Amino acid sequence: MATAAVTTERENYLNAEYGIKSWLLTTDHKRIALLYLISITFFFFVGGFFALLIRLELLTPAGDLVLADTYNKLFTMHGQVMVFFFLIPSIPATLGNFLVPMMVGAKDLAFPRINLLSWYLYIAGGLLMLLCILTGGVDTGWTFYTPFSTGFSNTNVTEAGLAIFINGFSSILTGLNFVVTIHRMRAPGMTWSRMPLFLWSTYATSIIFLLGTPVIAITLLLVVMERAFGLGIFDPTRGGDPVLFQHLFWFYSHPAVYIMILPAMGVVSEIIPCFSRKRVFGYKAVAMSSIAIAVFGFLVWAHHMFVAGISLYAALVFSILSYLVALPSAVKVFNWTATMYKGSISFSTPMLYALGFIGLFTIGGLTGLFLACLGIDVHVHDTYFVIAHFHYIMVGGALMGYLGGLHFWWPKITGRMYPEAWGRLSAMIVFIGFNLTFFPQFILGYLGMPRRYWQYPPEFQVLNVFSTAGASILAVGYLLPMVYLLWSLRYGKLAGDNPWGASGLEWTTQSPPTTFNFDETPEVTWEAYDYEHIPLPMEVTLER
Amino acid sequence: MSAHVISTKLYVTIWIALMCLTVITAGVAFIDLGPFNTIVALSIATFKAVLVVLIFMHVKYTSERLTKTVVISAIFFLFLLLGLSMADYTTRLLG
Amino acid sequence: MFENLPLWPARASTMAGNVDLLYIFLVLLSLFTCVAIFITIVVFVTKYRRRLDGREAQQIEGSVLLEIAWTVVPLGIFMLIFAWGAIIYFQERVLPRDVAEIYVVGKQWMWKLQHVEGQREINQLHVPANRDIKLIMTSQDVIHSFFVPEFRIKQDVVPGRYTTLWFRATQPGTYHLFCSQYCGTQHSGMVGQIVVMEPAQYQAWLTTGGAFGSLAANGASLFAQLGCPTCHQSEMQGRGPILSEVYGNPVRLEDGQTVVADDNYIRESIVNPSAKIVSGFKPIMPVFQGLLNEEQLNELVAYVKSLNPPPAGSVNSPGIAAAETKPQQP
Amino acid sequence: MSDSPLLVEHPEHDNPALLHHFATPEQQRNTASLGMWLFLATEVMFFGGMFCAYLVYRYWYYNEFAAGSRSLDIWLGTINTVVLICSSLTVALGVKAAQLGKRKQLVGLLLATLVFGVAFLGIKGIEWYQKYEEHHIPGHSFDVSDIIQNYPQIHIDPSHSQIYFSLYFAMTGLHALHMIVGIGIFAFLTYYSWKGKYGPEYYTPIENGGLYWHFVDIIWIYLFPLLYLIDRKPLR
C-alpha cells in the first residue's frame, strides 16, 4: 500500500515545494494551517503538563508536592497558555485556515501575507510567553486582576501581558482575514444560504476577534503601563477602581469563551450531517444562532462580577441578558439532535467526538444557567463549580470539537486515513476521563471549595482524588491521537478525495489539495449538505 | 465604488467647515453654558467626524452597504462597552 | 464511603435553605433536560443506525414551528429562573433593620475582625446565633473575598472602599471562612472559622476579652489624639461640621447635591475630606490617607456612628442596599 | 513578495498589480477596502477601552479633570487640530490625484501630508515637554501643587489629578503612536508614488492609507474636546 502510494502521489500543497524556507515563507493558507497545528499542539502539551502538576498537587489536602508560589504560577500559566495560545487559535487558526478558502471555493484567503504575519505574531507572542515561563513565570491567575497584578505581584506580569497583547494582534488579523474572505472570495453560486455552517460559525467567531480582542489588548497595555510608570488607572490608593479592570477584561474575555466554542459548534454542524447522511435540521436557525451568540456574547460580561462590588441594578441587567445567550446555544443542541432523526448514522470517530461534544456541551451549558442565576452565583462564584463549568465548555466542548474536526478533515489535510479503531478508542477514553475529572468538581464547588487553592480542608479530598484519577485517564486520551495520527502520516492507508462521502467544496478537490485548491474556480449549484445527491463511498458502506 | 471622483471644490468646502467648527468649539468652551458645554463640544466633534467619514472617507459615495454596516457596528459595540459599564457606575449609589 | 460525600454544605444561615431550594430545582431541571436530550440521541443513533440493507436517510428540511417552540419555551423557563435568582439576590444584598455590625479587614493573608464591643480577632469570628449580623468590609491591599459556604454568602472585599454583607446564623457550630478571590502566595492559607454561639454564650465571650475597650471608645480617643475636636465641636462655631447625628442622614454638599452619610461616606470624609464638602464649609481638613490603617479608620467610623442617639445602626432604607458604594472613592 | 513567482505561472493575469488569488482588479480593490474598514473598526474598540476608563473617571473626578484640562495649552491644542484637518484635506486631495493619475500632484500632496504630520508631532512634543517641566507627568516627580494654587475655588486631589494625566498621556501617546505609524506608511506611499506605482488603475494603497489617516484624525477630533475643553469657562 505505502509503496504504491509513493509512486502514484499526485502533486499537492505538501510536495509542491521543499525546504524549510518554503514553509517559513509560505503564503499558502494550508501550509500556514499546518504551521499553526504544530505550534498550538506544542502549547497544548505545555499547558497540559501544568494541568497535570496541578491535579497531582491537589491529590492530597496539604500543599506537599510544590510550593505555594509554584502552584500559583502553575494554574496561572496553565490558564494563560491554554486560553490564549491553544484554545483561542485552536480551531480558527488550524481548521479555519485550512478550510475557509476551500469551503468558499477560493484559491487562498483574502490576505495571504497577512495570514503569514498572523502566524509570526502568534509565534512572537508564544516565544515571549515561553521566555516568561522559563524565567520564573507569572502568578496573577489568567485573569490578571488588579491591584494584585499591578502593584503586588513581583513575577513576570509585564512579559505575560505583552505576550498576550502581541498574540491578540494575531487573532485580530486572522479574524479580519476570515471576514473579508467570506465576504469577498466566495465562488460563483456560493450564496450565504449555501455556506457550510462551519463558515457561519467562523464568521461569528471573527466578529468577536475583531471587536473584542482590541479591548483586552488596551487593557493589558494599561496594566503594563501601570506597572512600568505607576499610572494609577486601576490603583485604589490613587483613587482608581480595580473593578474597572474587571469590566474591561471581561468585555473581551466573556466573548472569548464563544471564540472557543463557536468554531467547535461549526465543526459539529459539519460532522453530524455527514455521518447522518442528512441535511442539517433547521439550517437557518443554526446559522443565525451563531451570529446571535456572537452579538449577545458582548452583553453579558458582568455576570463574572456579581460579587465584585458592582451595583445591584447592573447585576440584575447582566443576569437577565446572560440568559439571552443561552437561547441560541440551546437552539443548536436541539437542531443537531433533530438532524439525526431518520438519518443513516454511523459511529465513525468524528461522529463519536461530535456526540461527546453534544453531551458535554449540554452539561456545560446547563450549569451556565446556574452561574447566570444571581442567587446561585453568589454561592458558587470562584469555587470549583465555575472551574467545572468552563472546562465542560472549553475542554468538553471546544477541545472535543477540535479533535473531532481534526479526525474528520485529517484525510483531506494529509491524504491518509488514521486507524479507525484507535480513533474510536481514544474518543471513548477522552469522554470517560473528562467526566471523571470534571464532574466531581461541580459537587466540590457547591460544597464550597474555592478555586486556586494550593491546600484545602481534608473533607474535600475524596472528590479531588476522583478528579486526579480522571485527569490521568484524560492524559492518555490526548496522547493516543498524537501517536496514531503521526503514525498514519507514513503508514495510514490512502484516503481518496472524499472518504466520508461528505458534502462541501473542500471534498470536491483531491486529497491533499493542490496549492491553489481547485483546478478551476468551482461553480456552486447545490445547497449545503445535499446528502441526497452524494453517493456514499463503497468502502464506507461495507465497513459498517 | 471607488471610481467616484469628488470635486476639489467639495473637499475644500468641507475643509473650511471643519476649520470653522474647530474655532467655534474652542471659542464656545470659554462661554459658561453649564452642562451644555460638554454637549456642545461633543456634538461639534461628532459633526466633524461625520463630515470626515462621509466625504473624506467617501462613505457617502460608496454604493456598498457593507462599509456603512462596518462603521455602524463599530460605533454600536463601542456604545455597548461604554453604556453597560456606566450602567454599573451610575447606579452604585443606589445599591 | 458515600457518607463522607455530602452534596451540599451544612445549612447554617437563613439564606442557605433558599439558595439550596433554587439549586435543587435547577439540578432537577438540568437533569431532566439532559436525560431528555441524551435519551433522544441514544434512541436516534440506535434506531437510525446505518445498516447494510441500504436504507437511505430521509431528508427533512426543518420546522419553523419547532424552532419557535424550542426558543420560546426555554426563554420562559429562563425568565422564571432569573426572577427566582433575583429575589434571593435581593434578600442577600438588602440589609434588614437593626443589625449588629462587625468590621472586617482583609490583608495578605489574614482576616482581621473588629467587634463593635472591642474584641479583635484574627481568622476567627465569633457571632451569636439568630441575630442579623452586618459585616462592613475593606481590604488594605488587594481584592479578597469573604466566603462562608455554610451560609451561602460571598462578597468581594475591595481596597479603597467598604463592601457589606449580612447574614443570620441559625445553627451554633464552627464553619469555614474562605478567601475566594485569588490574592497571592498564601491565598489558600487565608482561611478561618466562623464560630456561631448561643446568644448567652456569646455575651459571656464578649466580656472575656474587653481589654481593648469598645470600638467606638477607641475611636473617641483616636479622635481626640488626632486633634479632630478642634474643628468638629459640638456647637455651630466649629470650622468643621457637627458630627452627632450625621450618620444615616442626608448631607447637603457644597455643589448642591445631597448624599446620605453611610459608612463609605464617613470613611471617605476621613481619608479624603475634600471629595465631598459639606455645604457652608471650606475644604481645610487635612488628608488622612496613608496616616491611618484600616482598623483605625474603622474605629473612627464606629465612633462617628456612635454619636447618633440610639436607636442607631440602621441606615438601611431599602434604597441603600448592601454594597454601599459611591461614585467617589478615596 | 513571495507572490510574484506565482504570477508568472498564471499568464492570464496581465495586470501586474493583480494578485493570483483574485479574479478581477475590482474584487481585489473591494477586498482591500473591506479589510481596511474592518481594521479601523478594531481600532475603534482599541481606543474604546481608554474612552471607557476616561468616562468613568471623568464622572467620578470631574474637578480634577476640569483643572487638568485647564492646565493644557488650548492654543497648541487648537493649532494641532487645525494641522490635522489640513493634513486630512491633503490626503483626500491626494487620493483624488491618484484616481486621476496626476503623479506630481499626488507626490506633492503626500509630502504636504507628511509635513503636517511631523508638525503635529512636533507641537505635541512641545506640549509634552511643557508638562514635563511642570512635573505633570505621572510618576515619582508628579506634582500638581501649581494647579491647586491656581484654582483655589475648586478642590483638587493630587492622586485623582494623576489619573487625569495618566489618561491624557495614555490617550495622546497612543494617538501619537498611530501618527508615527501613519507617517511611516505615508513616507512609503510617497516613495512609490514618486516611482509611479500608483495610477487610475491601481491606487488601493493610497486609498487605504488615506482611510487610516482620516481615522487617526477623527480620534483627535474627539480627544481635543475630551481632554482640552472640559472646563474653560471663567472661574467664579
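For the reader, a short list of remarks on this structure follows.
- Kyte-Doolittle mean at least 0.5 and Cα axial length at least 30 Å: DSSP H helices in chain C: C:14-47, C:64-93
- Legend: mean number of C-beta atoms from other chains within 10 angstrom of residue C-beta atoms, peptide D:77-88, equals 4.
- Lysine pairs meeting the criterion (Cα under 27 Å, 8 or more apart or interchain), as found in chain C: 19
- Site pair A:Thr525 and B:Val12 shows an inter-label distance of 5.8 nm when each label is modelled 7 Å from Cα along Cα→Cβ.
- Dipole axis of chain C (+1 Lys, Arg; -1 Asp, Glu on Cβ), positive-most option in C:Tyr103, C:Val142, C:His232: C:Val142
- Relative to the longest principal axis of the Cα atoms of chain D, the long axis of helix D:25-60 lies at roughly 10 degrees.
- Contact order for chain C, expressed relative to its length and based on alpha carbon pairs under 8 Å spaced 6+ residues apart, stands at 18 percent.
- Shape of the range C:100-211, Cα gyration tensor, a/c cut at 1.5: prolate
- Ordering of A:294-301, D:173-180 by burial proxy (mean other Cβ atoms within 10 Å per residue, highest first): A:294-301, D:173-180
- Helices meeting the span-like rule in chain A (full DSSP H runs, Cα extent of at least 15 Å along the helix axis, mean Kyte-Doolittle score of -1.0 or higher): A:29-57, A:68-80, A:112-134, A:157-184, A:197-229, A:242-276, A:283-296, A:312-340, A:349-372, A:400-414, A:420-447, A:461-491.
- Computed from Cα positions, the angle between helix D:204-223 and the longest principal axis of chain D comes to roughly 10 degrees.
- Residue order, fewest to most beta carbons within 10 Å, for D:Tyr62, D:Tyr191: D:Tyr191, D:Tyr62
- Peptide B:45-51 has a mean of 5 when you count, residue by residue, the C-beta atoms of other protein chains within 10 Å of its C-beta.
- Going from the residue with the fewest nearby Cβ atoms within 10 Å to the one with the most, A:Ile376, C:Ile153 rank C:Ile153, A:Ile376.
- Listing A:Trp336, C:Trp8, A:Trp250 from fewest to most neighbouring C-beta atoms within 10 Å gives C:Trp8, A:Trp250, A:Trp336.
- Prolate/oblate/rounded label for the range C:215-306 (Cα gyration tensor, a/c 1.5): rounded
- Sparse-neighbour loop sites [trypsin sites (Lys or Arg not before Pro); the range C:27-93; at most 13 other C-beta within 10 Å; DSSP]: C:Arg51, C:Arg55
- For chain A: relative contact order, % (alpha-carbon pairs under 8 angstrom, 6 or more apart): 18 percent
- Ellipticity estimate at 222 nm from DSSP helix runs (n ≥ 4, -39,500 (n - 2.57)) divided over chain A, nearest 500: -21500 deg cm²/dmol
- Look at the alpha carbon pairs under 8 Å that are at least 6 residues apart: their mean separation over the length of the range A:41-123 gives a relative contact order of 30 percent.
- Value at 222 nm in deg cm²/dmol, rounded to 500, when DSSP H runs of n ≥ 4 in chain B each add -39,500 (n - 2.57): -22500 deg cm²/dmol
- Here r is the Cβ-Cβ distance between C:Phe25 and B:Thr69 and R0 is 41 Å; the resulting FRET efficiency, rounded to 0.05, is 0.45.
- Cα-based shape type of the protein assembly as shown, given that a ≥ b ≥ c are square roots of the gyration tensor eigenvalues and the cut on a/c is 1.5: oblate
- Shielding by partners - mean other protein chain Cβ count within 10 Å, residues of C:36-43: 4
Just so you know, all these numbers are worked out from the coordinates, no wet-lab data involved. Just so we're clear, the structure is a prediction, and the values are computed from it rather than from any experiment. Quick reminder, even Gly has a Cβ in these numbers, built from the backbone with ideal geometry, and neighbours come from all protein chains shown.
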